[in-house]
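What follows is one structure encoded as structure tokens, with my remarks underneath.
The values are calculated or read from the model by the stated rules, or taken from the named source; none is laboratory data. Remember, predicted model here, so these are calculated numbers, not experimental data. Heads up, the Cβs are rebuilt from the backbone with ideal geometry, glycines too, and the neighbour counts pull from every protein chain shown.
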């Protein structure tokens, strides 16, 4: 491992992408993630790469579509309203099986909303914000160190499965500075990209990247192929962190920034003799349902804590499948749940 | 016996789906002839639009990418920035380029993106069955302007070449027509020059092609050619708007 550096989350996203071999970035400024673009704008020329400030999020994601078609490791980043604009090309890229990384440093919505941290794009990311039956891998880091590691991993997963991979952070993670330790060398997956458009050189038949299949039988077959790929991803790439769940009185489900707060709650609750467990999905899709099934009989209840009106809680309920009550605590608008209110909620549930 | 006419190599041996009297097929052939003459098939990457030409990736022998509606210039930007040594072109209709994709074409042109756009202007939406396009003429009856295009409701025909030729990055801008042999020959010259401008690394190049849509205009193929000459050219004058004297 290399030296430890104090860095801002957003800058770490860009640094991690460069270390992962990303040489093409297309984006449009939006708070609270714009430092990602600043970092690329400054560094990309040193790496001989491309940084383009596109005319819109729509164009940026379509530039990603083009660069991914051409076989490059490519990335875009935005925050919630901007990610909404990317949905068209996300659906197209999913159908055309293009590998690319999209970073969403979430802010509060709906609408233009606010610029502070939120987790209210869970549905959009995991249930398909664009049209059609598709999935993308959604990774939810909870520290700047993990942000670095998951961005590198996102590029590998994208290439390995020809899939889109989204990093779901929030404004807090993007803006905070933490110590990060970079590896000397990244483990980069060398995927076969013989499908990419590079020019035939008159040596092979032409390659086509498309997302249109007019014949319904052909389109259904393509969909089945996509679904088979998604099942394979779910089997191989589901990630979860489990803390303190054996013998827990209550198990909290939380991801990203909120999961860090829960880790503090675990300590304070312990003093009151309450054992709080944490299941932290690292992949929001594929959702680590098996972890919830495994611990379904252990606690008296589950509690999903989110910076949303209650989105991930639906997946928690599906996974717990009625075996235990599943409660919810959420804050919205850029408000962050405090240890105090979470602990009060836990006491109330266990009463 | 000498072969005097044959399918260009850059065009695949397949049946096209276009309506009788539609000039898309001729424009495809011209692009393919240019690719052959410049010897660039092996390094050309085309971007297909949404609209009647959505699947022209099946017709060209070079690598092809199908883009979302209007986004071809952004997709082409991504491709070209990855492979700056390749030749990248987009093929777009008037709904694709002049309505839903105006932002993408204006900014690709303004960045001086080293790509070539072939823009088919037939003053109507063909694929979705004859709706009004931004380029529909005043008074022209379409399925969404059933009483004729009225400026007070629908605004005015959009002159793309005139607009783009105000941008520094758009170094080669020309409008051509498909209505007779002489003009078809001129169209090929313009398309060739547009590709050469790209290969010389000079900037963005576009050729607007006035084309027919007999099916949705409701005229026969011969009268469709007259329709271009008599109705379209007065609104869309043919000629070079920029880059006539560029050294390529």
Inset, instruction - Could you identify the single residue in A:262, A:266 that is assigned to a helix (DSSP H, G or I), out of contact with any helix residue (DSSP H, G or I) (no Cβ under 9 Å at 6 or more places or on another chain) and crowded, with 17+ Cβ neighbours inside 10 Å? - result: A:266
Inset, instruction - Quick one: residue B:47 ticks every box in (1) closer than 16 Å to residue A:207 by Cα; (2) part of a helix (DSSP H, G or I); (3) under 14 Å from the mean Cα position of the chain (by Cα) except a single one, so which number is it? - result: (2)
Legend entry - Cβ pairs under 6 Å, 6+ apart, first in segment A:177-190 and in contact (Cβ under 8 Å) with a residue 24 or more places away in the chain, second in a strand (DSSP E or B): A:177/A:6; A:177/A:8; A:179/A:4; A:179/A:6; A:180/A:5; A:180/A:7; A:181/A:4
Inset, instruction - Pick out, from segment A:1-100, the strands (runs of 3 or more DSSP E) lying fully within it that include 2 or more residues that are surrounded by fewer than 24 Cβ atoms within 10 Å (Cβ to Cβ) and more than 14 Å from chain B (Cβ to nearest Cβ). - result: A:4-8
Legend entry - Subset of segment B:31-44 that is in a helix (DSSP H, G or I) and surrounded by fewer than 24 Cβ atoms within 10 Å (Cβ to Cβ) - its residue that is farthest from the other protein chains (Cβ to nearest Cβ): B:33
Inset, instruction - Check A:199, A:169 and return the single one that is modelled with pLDDT of 95 or more and within 14 Å of the chain's Cα centre (by Cα). - result: A:169
Legend entry - Condition met for residue B:219 (without any contact (Cβ under 8 Å) to a residue 40 or more places away in the chain, farther than 20 Å from residue B:112 by Cα, touching a helix residue (DSSP H, G or I) at 6+ places or on another chain (Cβ under 8 Å) and outside any helix (DSSP H, G or I)): yes
Legend entry - Candidate set: segment A:205-218, residues that are over 28 Å from the mean Cα position of the chain (by Cα) and surrounded by 12 or more Cβ atoms within 10 Å (Cβ to Cβ); chosen: the one farthest from residue A:313 (Cα to Cα): A:206
Inset, instruction - Please enumerate the residues belonging to segment B:79-100 that are in a helix (DSSP H, G or I) and in contact with a strand residue (DSSP E or B) (Cβ under 7 Å, 6 or more places away or on another chain). - result: B:79, B:80, B:81, B:82, B:94, B:95, B:97
Legend entry - Residue among B:79, B:45 that is within 22 Å of residue B:190 (Cα to Cα), free of Cβ contacts under 8 Å to residues at least 60 places away in the same chain and touching a helix residue (DSSP H, G or I) at 6+ places or on another chain (Cβ under 7 Å): B:45
Inset, instruction - Would you check if residue A:235 is away from chain B (no Cβ under 14 Å), over 22 Å from the mean Cα position of the chain (by Cα) and without any contact (Cβ under 8 Å) to a residue 12 or more places away in the chain? - result: no
Legend entry - segment B:102-127, residues that are free of Cβ contacts under 8 Å to residues at least 40 places away in the same chain and buried (at least 24 other Cβ atoms within 10 Å of the Cβ): B:104
Legend entry - Flag if residue A:136 is more than 30 Å from residue B:36 (Cβ to Cβ) and modelled with pLDDT of 95 or more: yes
Legend entry - Qualifying residue in segment B:146-158 (condition: closer than 19 Å to residue B:118 by Cα and touching a strand residue (DSSP E or B) at 6+ places or on another chain (Cβ under 8 Å)): no
Inset, instruction - Working only within segment A:207-256, note down all residues that are in contact with a helix residue (DSSP H, G or I) (Cβ under 8 Å, 6 or more places away or on another chain) and farther than 23 Å from residue A:164 by Cβ. - result: A:241, A:242, A:243, A:244, A:245, A:248, A:249, A:250, A:251, A:252, A:253, A:254
Inset, instruction - Filter segment B:73-101 down to the residues that are farther than 13 Å from residue B:46 by Cα and away from chain A (no Cβ under 12 Å), then identify the one that is surrounded by the fewest Cβ atoms within 10 Å (Cβ to Cβ). - result: B:99
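So that you can scan it fast, the table gives a plain yes or no per residue for (1) more than 13 Å from the chain's Cα centre (by Cα); (2) crowded, with 16+ Cβ neighbours inside 10 Å; (3) within 14 Å of chain B (Cβ to nearest Cβ):
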{"site": "A:103", "(1), (2), (3)": "no, yes, no"}
{"site": "A:113", "(1), (2), (3)": "yes, yes, no"}
{"site": "A:132", "(1), (2), (3)": "yes, no, yes"}
{"site": "A:144", "(1), (2), (3)": "yes, yes, no"}
{"site": "A:153", "(1), (2), (3)": "no, yes, no"}
{"site": "A:158", "(1), (2), (3)": "no, yes, no"}
{"site": "A:162", "(1), (2), (3)": "yes, yes, no"}
{"site": "A:180", "(1), (2), (3)": "yes, yes, no"}
{"site": "A:194", "(1), (2), (3)": "yes, no, yes"}
Inset, instruction - Any chance you could count how many residues in segment B:49-72 are touching a residue at least 40 places away in the same chain (Cβ under 8 Å), facing chain A (nearest Cβ under 8 Å) and buried (at least 24 other Cβ atoms within 10 Å of the Cβ)? - result: 2
Legend entry - residue B:229 vs. criteria under 26 Å from residue B:116 (Cα atoms) and in contact with a helix residue (DSSP H, G or I) (Cβ under 7 Å, 6 or more places away or on another chain): no
